[in-house]
Amino acid sequence: MALYDAIVIGSGPAGLTAAIYTTRANLKTLVVAGQVAGGQLMITTDVENYPGFPNGILGPELMELWRKQAERFHADFVDDNVTKVDLTHNPMRVWVNDDLYESRAAILATGANAKWLGLPSEDRLKGHGVSACATCDAMFFKGLDVAAVGGGDTAMEESLYLAKICKSVALIHRRNAFRASHIMQDRVFKTPNIKVIWEHTVEEVLGGKKVEGVRIKNVKTGAAQDLKVQGLFVAIGHTPATELFAGQVNIDPRGYVIPQSTDEFRTATNLPGVFVAGDVHDHRYRQAVTAAGYGCMAALDAERWLHKHA
């Protein structure tokens, strides 16, 4: 069994960028890509805010190009899910079913998944009017009416961003009060084109090939009504993919990896030789370009750490 210099767990923007940098530094690199490779961009139709693509690019196409670039520099890939890790010893051990891989350093880039409402119509229209990222997709709805769902700070931030671009925002919340910070609530209440619809849930997303409306239901009376909107933004939080690392890497109460940043290694974790990149720790920005930046940083930190501990 070959010993790798670096194992990258994850194949979204953070993981693939990390692999490009480690392989170009002549580090023998394995990317455990997962059964569903490519991260959240795989469910994004048009990407218009990633630098270098003035006409935009499809999310899956961008991820395919990213992977080809990593393969060009001879990164090895396993297209399956990690089933177990032992990051507390060196070499670190990563299992994919019965196959064991060992490495001197590891980069955790498993990302985070947006929480969805769980509606079949929502799933069918993802990327066709249903989104979980206003900063990614709001410009597609410039001057249009949209709806947002949620009651926390994320929902407030998404709604305020949408309000700058869209004609109107219907903010739907199942309770009669937000759990968001008061300052964020105040900003929402003072924004004239945001209308809060209390004590309602989204029951169905309406439309054939694109969103044409949402059906909402009053949680007290059960009465339903249809809102005519051209987009639905689901802002009920994210779930970082950190279950594998629990008990080994320090994780905050929300499930995000906690970087143990130092002046020397900005993406380090509490475990020597284990680094973190992207949405698995970044709960603030959650953009492809920032994830790529973190992937670059983690790779450079891993390279320097390996050199120091050669």
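Odds and ends about this structure:
- For the criterion of being touching a Cys at 6+ places or on another chain (Cβ under 8 Å) and either buried (at least 18 other Cβ atoms within 10 Å of the Cβ) or farther than 22 Å from Glu122 by Cα (or both), Asn176 fails.
- Residue count for the range 93-148, restricted to those that are of a type in the set (Ser, Thr, Tyr) and within 30 Å of Leu3 (Cβ to Cβ): 3
- Taking the range 59-154 and the strands (runs of 3 or more DSSP E) fully enclosed by it, the elements with 3 or more residues that are in contact (Cβ under 8 Å) with a residue 60 or more places away in the chain are at 84-86, 92-96, 99-108, 112-114, 145-149.
- Residue count, the range 280-310 (criterion: at pLDDT below 95 and assigned to a loop (DSSP other than H, G, I, E, B)): 8
- Test: residue in the range 113-128 that is farther than 18 Å from Asn193 by Cα and surrounded by 24 or more Cβ atoms within 10 Å (Cβ to Cβ): no
This table checks each residue for (1) surrounded by fewer than 17 Cβ atoms within 10 Å (Cβ to Cβ); (2) at pLDDT 95 or above; (3) within 21 Å of His238 (Cβ to Cβ).
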residue: Tyr50; (1), (2), (3): no, no, yes
residue: His89; (1), (2), (3): yes, no, no
residue: Ala109; (1), (2), (3): no, yes, yes
residue: Cys136; (1), (2), (3): no, no, yes
residue: Val146; (1), (2), (3): no, yes, yes
residue: Val149; (1), (2), (3): no, yes, yes
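- Test result for Gly15, modelled with pLDDT under 95 and out of contact with any Ser or Thr (no Cβ under 6 Å at 6 or more places or on another chain): no
- If the condition is being out of contact with any Leu (no Cβ under 8 Å at 6 or more places or on another chain) and crowded, with 17+ Cβ neighbours inside 10 Å, then the range 187-205 contributes only His200.
- Screening the range 216-274 for residues that are among the small types (Gly, Ala, Ser) and in a strand (DSSP E or B) and picking the one that is farthest from Thr135 (Cα to Cα) gives Ala224.
- Scope the range 192-211; condition in contact (Cβ under 8 Å) with a residue 40 or more places away in the chain, part of a loop (DSSP other than H, G, I, E, B) and not β-branched (Val, Ile, Thr); matching residues: Gly207, Lys209, Lys210
- Some residue of the range 293-310 being among the aromatic types (Phe, Trp, Tyr), buried (at least 18 other Cβ atoms within 10 Å of the Cβ) and farther than 29 Å from Asn49 by Cβ: yes
- Residue match in the range 63-86 (condition: within 15 Å of the chain's Cα centre (by Cα) and under 29 Å from Gly129 (Cβ atoms)): yes
- Filter result for Met184 (surrounded by 15 or more Cβ atoms within 10 Å (Cβ to Cβ), touching a helix residue (DSSP H, G or I) at 6+ places or on another chain (Cβ under 6 Å) and farther than 21 Å from Leu227 by Cβ): yes
The values are calculated or read from the model by the stated rules, or taken from the named source; none is laboratory data. Note that this is a predicted model, so its numbers are computed, not measured. Quick reminder, even Gly has a Cβ in these numbers, built from the backbone with ideal geometry, and neighbours come from all protein chains shown.
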